[in-house]
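Notes follow once the structure below has been shown.
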Amino acid sequence: MASPQVQFIHGLEGSPQGTKARLLAERFTAVTPAMDTGDFEACVALQTDTIACFRPDVLVGSSFGGAVAVALLQRGLWRGPTLLLAQAALRHGLPARLPDGVRVWIVHGLRDALIDPEESRVLARAGTPDLVRLIEVDDDHPLRATVQSGELATLVQQLFDAERGA
């Protein structure tokens, strides 16, 4: 089974040393650029540059990083498979819009006390129905159980495989 190159976009409290970044680095060829989350446009620019150099197979964005990933999609800077974790795109003023023809899976914890899961439901209705998947899990905002169980890595692999038609 082929293994994807994964670019992880961390959240406000995340980092390249965070739990999700470490899990992805252990399971895949992965990169997590450190961002100054106080400057949204600089984060978009950094991730765009990283996409050009690293050439990921899958983009994963968590919370604030999910908003950055959605901005990349909406601006046409990324058109590949994307996994959004407790995404905060609407919270950061982005429209509920996903580009046509792009595979986007959205994972959101039903016990998320920071971002209402309804925001992910709204975003999920905005893309190509056969390509956008909303995955609601019994978890919190950091998706601790999803990460600890290894389900996050499984979802990344499944998304990659679905995109390749495997």
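The values are calculated or read from the model by the stated rules, or taken from the named source; none is laboratory data. No experiment lies behind these values; they were computed from the predicted model shown. Methodologically, a virtual Cβ is constructed for each residue, glycine included, from the backbone with ideal geometry; neighbour enumeration extends over all protein chains shown.
Structure notes:
- Members of region 135-165 found to be without any contact (Cβ under 8 Å) to a residue 40 or more places away in the chain and aliphatic (A, V, I, L, M), listed by number: ILE135, VAL137, ALA145
- Test: residue in region 62-74 that is touching a strand residue (DSSP E or B) at 6+ places or on another chain (Cβ under 8 Å), under 21 Å from LEU131 (Cα atoms) and not in a helix (DSSP H, G or I): yes
- Counting only residues that are assigned to a loop (DSSP other than H, G, I, E, B), surrounded by fewer than 20 Cβ atoms within 10 Å (Cβ to Cβ) and hydrophobic (A, V, I, L, M, F, W, C), region 137-161 holds 0 of them.
- Conditions (1) out of contact with any Cys (no Cβ under 6 Å at 6 or more places or on another chain); (2) farther than 18 Å from GLU163 by Cα; (3) not polar (S, T, N, Q); number of the one not met by LEU98: (2)
- Residue check for ARG79: over 22 Å from LYS20 (Cα atoms), of a type outside the set (Ser, Thr, Tyr), modelled with pLDDT of 95 or more and within 15 Å of the chain's Cα centre (by Cα): yes
- Residue match in region 44-64 (condition: on the phi > 0 side of the Ramachandran plot and either of a type in the set (Phe, Trp, Tyr) or crowded, with 20+ Cβ neighbours inside 10 Å (or both)): yes
- Pairs with Cβ under 6 Å, 6+ apart, first in region 21-33 and closer than 11 Å to ALA153 by Cα, second of a type outside the set (D, E, K, R) and part of a loop (DSSP other than H, G, I, E, B): ALA21/THR32; PHE28/SER3; PHE28/PRO4
- The residues of region 115-127 that are over 15 Å from GLY61 (Cβ atoms) and modelled with pLDDT of 95 or more, listed by number, are ASP116, PRO117, GLU118, ARG121, VAL122, ARG125.
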